[in-house]
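Report on one structure; see the data block that follows.
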Amino acid sequence: MKTCFVALIFLNSHFQESFIRDAIRKTEATFPMAHPFKREVYTKVALSATISVVFYEVEKTHGQQSSCDGAIEFFREDNFLSILQKSASEKSASFAFYACMYDPEDNFLITSKYTEQGFDERQNIRGDVTRIFTQADGSVTMEDHDAQDPVAMRFQLVENYLNDEIGVTLKELTVAWQKRQTAGTVLWEWK
């Protein structure tokens, strides 16, 4: 089975289901086709005593290459992470959450951190490594990190970000993804 996932990672002390619920409602109000998939589900899995991960997955619809592509598209192109960040900032003066979008078959990995002050994202899309982040003045900066490094090293620049920030590895996220149906709790689902 293909391992490809979209995940939100929370420190348990910062997690509020209302952050996600509000972001879903705002997304539904913003986009004319709020649920374009046959099925959408958010499943929460305990990664450790202090960290939880919420996986977002969709069922493939006609014309899509894969269900993972659909989930990634929703998070990236429909700007769900920015909507979630805004919802969190309306409910809490201080927060942090992380995101990971991973598709090894397409050499695709995005890891990011969102706080009340902005975001910091690292992405490796088919070997091109980029960092996009918010400056102190609120402006957004993009840095290209596609140096002469071997592909594996460029991938590690992105993968290591979550481990450096909160001690979460891609391997741990993959294991949690694989056990989400037996060890997870469905938070929201549309059919």
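The values are calculated or read from the model by the stated rules, or taken from the named source; none is laboratory data. Quantities reported herein were computed from a predicted structural model and do not represent experimental measurements. Cβ sites come from the backbone with ideal geometry, for glycine too, and all protein chains shown count toward neighbours. Surface areas here come from the heavy atoms of the whole protein model, side chains and all, with no ligands, DNA or RNA. Shrake-Rupley method; radii C 1.70, N 1.55, O 1.52, S 1.80 Å.
Return a whole-number percent for the relative contact order of the chain, with Cα pairs under 8 Å and 6 or more residues apart as the contact set.
Working: 332 pairs, mean separation 46.0, N = 191.
Dividing the mean separation by the residue count of the chain yields 24 percent.
Quick one: with all protein chains in place, what share of the accessible area of the chain is carbon or sulfur, to the nearest percent (1.4 Å probe)? Of the solvent-accessible surface of the chain, carbon and sulfur hold 47 percent. Estimated at 0.36 nm per residue, the fully extended path between Gln135 and Gln181 surpasses their Cα-Cα distance by 12.7 nm. Straight-line cross-link reach from Lys44 at under 16 Å between alpha-carbon atoms covers these aspartates and glutamates, not counting any fewer than eight positions away in the same chain: Glu17, Glu57, Glu172, Glu189. Summarising the amide proton neighbourhood of Leu47: residues at separation of 5 or more, or on other chains, whose placed amide H is nearer than 5 Å comprise Ser52, Val53.
Anisotropy class assigned to the chain is rounded, per the alpha carbon gyration tensor with a/c under the 1.5 cut-off. Solvent-accessible area per residue in the chain equals 51 Å², computed with a 1.4 angstrom probe and all protein chains kept. Computed from the C-beta positions of Lys191 and Glu105 and an R0 of 30 Å, the FRET efficiency is 0.65 to the nearest 0.05. For the chain, the list of Cys residues with no other Cys C-beta under 4.7 Å reads Cys100. Each of Asp78 and Gln16 was given a label point 7 Å from its Cα along the Cα-to-Cβ line. The distance between the two points is 2.3 nm.
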